[in-house]
Amino acid sequence: MDGTLTENDLSHVIAADKANVWHHLVQHKPFETTDPRIIVEGKGMRVWDQNGKEYLDAVSGGVWTVNVGYGRESICNAVKDQLMKLCYFAQTAGSIPGALFAEKLIEKMPGMSRVYYTNSGSEANEKVFKMVRQIAHKKYDGKKTKILYRDRDYHGSTLATMSAGGQDERNAQYGPFAPDFVKVPHCMEYRKHELGLEHLSGADFGRAAADQIEEVILREGPETVGALCLEPITAGGGVIEAPEGYWPRVREICDKYDVLLHIDEVVCGVGRTGKWFGYQHFGIEPDFVTMAKGVASGYAAIACVVTTERVFDIFKEDASDPLAYFRDISTFGGCTAGPAAALANMQIIEDENLLENTTAMGAHMNARFHELQKKHAVIGDVRGKGLFQGIELVKDRDSKEPVAEADAQKVVADCGAQGVIIGVTNRSIPGRNNTLCFSPALIATKADIDTICDAVDVALTKVFG
Ligand SMILES: Cc1ncc(COP(=O)(O)O)c(C=O)c1O
């Protein structure tokens with residue numbers, strides 16, 4: 001940074017923010033006596049606040065979004081050029097970047113063929129729910145309307161996506177929710193005792209956890225279940241990876257009962273785990289994939305529903321029926337800045353070999369966290385893939401009793417004071433908001449990862465001794 005920030009007086013900005021802005025996920029009472037953090041500038045892995053303080057951003061914009069890092073000229077230029085040429089036209093028509101990004105995206109997703117543009121992860125997930133409901137009406141006499149979702153997963157902030165929300169604390173006070181959303185158990189090996197599966201491990205546990213989904217389908221009646229919606233790795237619910245054996249069995253169960261498999265890649269999509277998509281680690285083909293955050297790294301708002309030709313065809317059948325096609329629109333799904341930014345974003349990932357970097361740096365981060373686990377008894381579990389890692393903090397390794405949310409937040413605050421922004425699961429699962437979250441940009445170097453891990457080491461010592 002060139003120092004201009006400290007010379008500029010941002011006191012008016014801070015006053016305007018305090019007077020008029022309602023921040024997301026934040027209790028505002030403390031701002032009566034303190035100032036909110038205002039992020040002013042970003043470059044690469046780093047951001048600066050209103051006081052000129054520099055931070056290493058280990059969470060890609062707070063919520064795992066800025067995958068290629070800040071200040072990317074090629075994306076900014078692509079967006080500017082596109083906006084000058086054509087800023088917007090409704091997606092009832094096509095656009096040049098819309099067609100070209102869809103083509104490039106589908107190249108990365110064998111078995112998939114159609115891209116539906118929208119503008120947030122929640123909205124993309126809702127589009128799938130609508131497609132599933134319409135398929136139920138078109139093909140199954142209105143019966144296969146139920147959508148299964150998993151304990152601890154999150155699919156968005158709207159009422160329909162909260163109806164598919166497996167985070168009871170996040171949902172508290174926002175009901176009643178939409179009907180025909182049904183919860184299935186989580187698949188977290190570290191807490192397998194909660195599932196009554198403590199006698200199993202590895203792939204045996206994975207298959208048994210998936211079998212619990214089948215039990216729900218049988219209980220509900222397979223003729224009523226239209227889709228199963230899952231995160232490839234649960235993000236805000238605690239960075240939870242399913243063990244080996246889980247996903248092939250999930251696909252088998254979906255095939256057996258004619259249930260569409262919807263993978264929510266809003267966090268894992270576009271490189272976060274070291275492959276283009278999280279599900280590509282599991283050797284399965286989904287029926288729907290939704291994505292948002294990393295698609296354009298936050299340079300423009302874009303989200304996509306991607307599906308197969310088999311699903312798409314259902315909406316082309318019987319063209320004489322005026323209600324038979326997908327009668328849905330998203331106004332800002334027609335903003336051309338999104339696909340223009342997404343094309344340039346994908347180009348950067350390819351040109352700079354960021355998938356390979358993510359795999360290598362993720363392995364380094366995971367190894368460093370396991371070293372920290374030897375030193376700090378409070379680290380109960382280390383989980384994650386690529387540059388998407390979590391550390392679960394517990395009071396006692398035998399009982400696995402979680403630390404208090406307030407104590408986990410003290411670790412985040414101390415890292416912040418050291419100049420490293422990390423995340424923590426918050427107000428999600430009652431009594432289980434104890435997982436530190438890490439999702440640095442895919443450009444992270446070994447030195448960046450070491451800085452993050454060193455800060456966590458210092459913070460854990462300060463908070464837990
Ligand atoms: C897995 C997952 N799905 C969906 C969403 C919702 O995305 P958005 O905030 O863009 O609506 C999120 C947001 O954090 C998410 O983590």
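Before moving on, here are some points about what is shown:
- Whole-angstrom gap from segment 129-167 to segment 38-56, using each part's C-alpha centre: 39 Å
- Residue-averaged [θ]222 nm for the chain, counting only DSSP H segments that reach four residues, each worth -39500 (n - 2.57): -11500 deg cm²/dmol
- The modelled label-to-label distance for the pair E223/T331, using points 7 Å beyond Cα in the direction of Cβ, is 4.3 nm.
- Using a Förster distance of 35 Å, the FRET efficiency for H12-C87 (Cβ separation, nearest 0.05): 0.70
- Between E244 and H24, the FRET efficiency from the beta-carbon distance, with R0 = 35 Å, is close to 0.45.
- Dipole-positive endmost among N51, Q91, S74 within segment 1-96 (Cβ charges, Cα centre): Q91
- Annotation: aspartates and glutamates with alpha-carbon distance below 19 angstrom to K410 (same-chain offsets under eight excluded): D35, D57, D381, E392, D396, E401, D454, D457.
- Positive-end residue of I213, L261, P179, charge dipole of segment 74-351 with Cβ unit charges: P179
- Between D450 and E350, the simple label model (points 7 Å from Cα in the Cβ direction) yields a spacing of 3.4 nm.
- Highest average first, the peptides 153-159, 40-46 ordered by how many other beta carbon atoms sit within 10 Å of their residues are 153-159, 40-46.
- Estimated inter-spin distance, K104 and D35, nm [label 7 Å along Cα→Cβ]: 3.9 nm
- Charge dipole (Cα centre; +1 on Lys/Arg Cβ, -1 on Asp/Glu Cβ; no other charges) of the chain amounts to roughly 380 debye.
- Pairs exceeding 31 Å between alpha-carbon atoms, taken from K29/K374; K183/K395; K143/K293; K192/K275; K29/K385: K29/K374; K143/K293; K29/K385.
- Descending by average beta-carbon neighbour count within 10 Å, the peptides 257-270, 349-362, 322-335 line up as 257-270, 349-362, 322-335, the highest first.
- Long-range HN-HN contacts of A303 with modeled amide H, under 5 Å: T118, N119, S120
- Under 17 Å from K256, Cα to Cα: aspartates and glutamates that are on another chain or at least 8 residues apart: D211, E214, E215, E220, E223, E285, D287
- Rounded, prolate or oblate (a/c below 1.5 giving rounded, otherwise prolate when a/b exceeds b/c) for the chain by Cα gyration tensor: oblate
- Oblate is the label for segment 414-465, because a/c, from the alpha-carbon gyration tensor with a ≥ b ≥ c as root eigenvalues, is 1.5 or above and a/b does not exceed b/c.
- Look at the alpha carbon pairs under 8 Å that are at least 6 residues apart: their mean separation over the length of the chain gives a relative contact order of 20 percent.
- Anisotropy class of segment 183-246 from Cα gyration tensor, a/c 1.5 cut: oblate
Throughout, read-outs are computed from the coordinates displayed, never taken from laboratory work. All of these numbers come straight from a predicted model, not from anything done at the bench. A quick note on method: Cβ atoms are made from the backbone with ideal geometry, for glycine too, and the neighbour counts reach across all protein chains shown.
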